[in-house]
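Structure first, then comments.
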Amino acid sequence: MGDPERYRKPEEIHHYQEEDPIGVYRKYLVEENIASNEELNGQDDLALQEINEAVEFAEASPDPAPETLFDDIYVEA
């Protein structure tokens, strides 16, 4: 994979960051007093913890057998 910053101008990157739907929604939640930054940060921490646990589980799991490569790809009609 390439580095996207080599292909985009800093202003363009800043524009996309400002328009990021997650950031925009987070700002809306705080401005409308629907949630606080602390609550949202707590949710971020929980999500990151779940992601880390999933990664640890995947890394600790054995590799699948090669003969299962095409299992569950197609639906029998």
Probe 1.4 Å, all chains present, heavy atoms only: Ile73 accessible area in Å², nearest 10, is 90
Quickly estimate the mean residue ellipticity at 222 nm for the chain, helices only: each DSSP H run with n ≥ 4 gives -39500 (n - 2.57), and the total goes over all residues, rounded to 500.
-> -18500 deg cm²/dmol
Accessible-area composition of the range 14-77, carbon plus sulfur, in percent [1.4 Å probe] = 55
Debye equation applied to the C-alpha atoms of the chain, log10 I(q)/I(0) at 0.14, 0.16, 0.17 Å⁻¹ = -0.86, -0.91, -0.93
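Heavy-atom accessible area per residue, the range 33-72, 1.4 Å probe: how many Å²?
Spelled out: the 1.4 Å probe surface of the range 33-72, per residue, equals 93 Å².
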Taking the alpha-carbon centre of each part, the distance from the range 54-69 to the range 6-53 in Å is 31
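The values are calculated or read from the model by the stated rules, or taken from the named source; none is laboratory data. Keep in mind it's a predicted model, so treat the numbers as computed, not measured. Side chains are part of the model used for accessible areas, which takes the heavy atoms of the whole protein and leaves out ligands, DNA and RNA. Shrake-Rupley method; radii C 1.70, N 1.55, O 1.52, S 1.80 Å.
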